[in-house]
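What follows is calculated from the coordinates using simple rules that are stated; it is not laboratory data. Just so we're clear, the structure is a prediction, and the values are computed from it rather than from any experiment. Virtual Cβ from ideal backbone geometry, glycine too; neighbours counted across all protein chains shown.
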Amino acid sequence: MIGQYLSLVGLEKHFGSVRAVTSLSLEIGAGEFVSLVGPSGSGKTTALNMIAGFEGPSAGKIVIGGRDVTHVAPNRRGIGMVFQKYALFPHLTVRQNIAFPLRMQRQSNKTRMTTRVEEMLELVQLSSFGERYPQQLSGGQQQRVALARALAFEPPVLLMDEPLGALDKKLREAMQFEIKSLQERLGATVVYVTHDQDEALTMSDRVAVMAGGELKQFGTPTELYRHPNSAFVADFIGRMNFIEGNCIENAGGTAVVRLSDDTVLSIRAQGLPATPKAGQTIKLAIRPERVRVARRGEGGSGCLAAVVQACVFVGSVHILVVRLESRPDVLLQIQLPAEGGLPFQERDAVDLLLDDGAIHLFANTERHAA
Amino acid sequence: MSGPCEVPQPAFPRQRRSTAASARFYSRGVSVCLAAPLVVALAIGFVYPVTRLVGLSFEGGSLEQHRRLVAEPLYLGVLASTVKVAFIVTIASLLLGFPVAYLMARLRHGIAMVVAACVFIPLWTSVLVRSYAWVVLLQRNGIVNTLLADAGITDGPLKLIYTQGAVIVAMTHVLMPFMILPIYSTLQTLPPDYNRAARNLGAGAFRAFISVTLPLSLPGVFAGSVLCFVLALGFYITPALVGGPGSMLMATLIGQQTTVLLDWPFAAALSTVLLTVTLIFVFLFRKTLSLSKGLHSVH
């Protein structure tokens, strides 16, 4: 029962002329933890509502473990769901809340039902709270009850709609690990909606990045971080610096680009995509931790001249904000290891060396996330 | 207990903070000044006359008036039929009003406004007008009788007006908004996620309603029922216009005693009994409400 595969085939949802979700196709394996991330209005919640059955899709198919549930009523889908604000029934105790789905299934065996409820209470470590009402529990405890209730009937798929949004940072991180370890232990298939990309990267086996109702990229956290397929994904997942320019040549694993400050870079890298083609305007992207910094004149050839604008110490790393000398409107963020002092200070003139293997080139056709 | 500046409890921060804040903003003097007009108005317009009335019924320390009331089966019959009518009117208002309230809470805003207007506009119209409307509808050659006769369902005009049935129908119509509004306001505060959660957990539309929406709307149902019942117990205009001598209710009887027979002490005794019965029912309602566990925590 628990942990079935889920496949979405060309799912569409239109509200009047607004396309909330367009041709969304995802294959989610049994026991896999998949996050849907995206800015608000990206269609991730609509997608979740369609899987749960609260919204009927305009087109497409939803299949769970081989069963087409596209037109099945929500109560007959057997999908568990944890709501953003938990939606625990305030007139029922914790125990009654967890028993609710079992009662609805008309489980005739009363003792089995009681045992199951106790098992679930134990699973989420709330055994002594069974007789309390939801509003007598803390946010984290309510969250765990919601989880226990959604898992009580061993659903083939568990949906979670920003379940940690209402908790503070410390508790949120603790719950992330708790949910993840529970999911692994039970082998549950989880579809997790969040707008917090860190949360998605931490918890998921694979992440689906959505924007404007479309699926932008679907892959493991490492894939998304190291090989984003668009400037949008590059910007949305982790931090990314962008410099605009023109592509002069792109062939045989070497790309030559002229950046907007007229620096010409020749980039030799494995797996450079065939686009952008020569003559196209491009965006060059690089992660803050892949930029090396040297004093002015010590950088060698092919480096960018910049001036340090600010140095910030954030505990684990130093963050350096630099301004390109020839393009004062371009600010870059650079991460340097925190060990040892920072050898730079504000208004220092520096050379930036971009790590060839870490450069991404995107054709400049789309706007990236703010 | 410590002072009003007590640290808010984390469990219910919102409630705690609001009491603490109001205590901090208004000094005792200001609070008394703000409450004074209402207290004075209540004392003059309500407490004094009611006390006088109750006192009048025990005039000269005798129970004579009350004995008269109990001894005469007619009066007890009027009391019983008043309670019965109020009860039926409350149930009818609930059965007819709940779906309307539910609809108002679930419909899209624009359409909900139209339904709300249909509920409110009668409320703003005088009770007298609405009661006369029923007289027009139900009288011997009224619309209902004409329709029935024209359709060939009845041979001659039925006696519709001046019956207890007419009183119940008209009172239900008049009192329904008082049932709809409290239920609507409770339903409206219920997040749609409760219903979705119930559906998601395996409840069909009907079971989701029965096991989640309905119990969570009970505070509104109770509030509306108490309001309707209490108003119905003391209702005067509608029964006086639509009801006949055979279907007399307490308020009409009291009115008759004061305006026609000028027997003030006996009217006072009738009023005292009606007041007592009303208070007993309100107390019973509250008791039932506090017995249904978990409901107090809904709001």
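Setting aside same-chain residues fewer than 8 positions from B:Lys159, which lysines have a Cα under 23 Å from its Cα? In chain and number order, the partners are B:Lys84. Please state the shape class of the stretch A:46-103: rounded when a/c is under 1.5, otherwise prolate if a/b exceeds b/c and oblate if not, all from the C-alpha gyration tensor. Since a/c reaches 1.5 and a/b is larger than b/c, the shape of the stretch A:46-103 is classed as prolate.
Sorted fewest first by neighbouring Cβ atoms within 10 angstrom, B:Trp124, B:Trp134 come out as B:Trp124, B:Trp134. Under 5 Å from the amide H of A:Val291 lie the amide H atoms of A:Gln335, each residue being 5 or more positions distant or on a separate chain, with H modelled from the backbone and absent for Pro and chain starts.
For the pair the stretch B:215-250 and the stretch B:58-80, the centres of their Cα atoms are 23 angstrom apart.
Of the DSSP H helices in chain B, those that are both long (alpha-carbon extent of 15 Å or more along the helix axis) and hydrophobic (Kyte-Doolittle mean at least 1.0) are B:28-42, B:73-106, B:109-124, B:127-138, B:164-189, B:214-233, B:264-291.
Computed extension length for B:Ser185-B:Ala240: 16.6 nm, one decimal, from 0.36 nm per residue of separation with the Cα-Cα distance subtracted.
Look at where the Cα atoms of the stretch A:181-221 and of the stretch A:8-45 average out, and the two centres are 12 Å apart.
Residues of the stretch B:233-272 with an amide N closer than 13 Å to a point placed 7 Å from the Cα of B:Phe58 along the Cα-to-Cβ direction: B:269, B:272.
In this structure, the amide hydrogen of A:Tyr5, modeled 1.01 Å from its nitrogen in the peptide plane, lies closer than 5 angstrom to those of A:Ala30, A:Gly65, counting only residues at least 5 positions away or on a different chain. Legend: residue pairs A:Lys170/A:Lys283; A:Lys13/A:Lys170; A:Lys110/A:Lys169; A:Lys85/A:Lys180; A:Lys85/B:Lys287; A:Lys44/A:Lys169, Cα-Cα distance threshold 29 Å; pairs beyond threshold, A:Lys170/A:Lys283; A:Lys13/A:Lys170; A:Lys110/A:Lys169; A:Lys85/B:Lys287. Using the Cβ-Cβ distance between A:Ala338 and A:Thr70 with R0 = 56 Å, the FRET efficiency computed as 1/(1 + (r/R0)^6) comes to roughly 0.60. Using the alpha-carbon atoms, what tilt in degrees (0 to 90, nearest 10) does helix A:94-104 show relative to the longest principal axis of chain A? The answer is roughly 70 degrees. Please work out the FRET efficiency for the pair A:Asp168 and A:Glu223, using the Cβ-Cβ distance as r and a Förster radius of 35 Å; give the result to the nearest 0.05. Computed FRET efficiency for A:Asp168 and A:Glu223: 0.70.
Neighbour counting of Cβ atoms within 10 Å sorts the residues A:Thr194, A:Thr189, B:Thr259, B:Thr288, fewest neighbours leading, into B:Thr259, B:Thr288, A:Thr194, A:Thr189.
Once you reduce the stretch A:296-370 and the stretch A:228-242 to the center of their Cα atoms, the two points are 16 Å from each other. For the segment B:202-208, counting C-beta atoms of other chains within 10 Å of every residue's C-beta and taking the mean gives 5.
Ranking of B:Tyr184, A:Tyr133, B:Tyr236, A:Tyr225 by neighbouring Cβ atoms within 10 Å, starting from the fewest: B:Tyr236, A:Tyr225, A:Tyr133, B:Tyr184.
Angle of helix A:110-123 to the longest C-alpha principal axis of chain A, folded into 0 to 90 degrees and rounded to 10: 30°.
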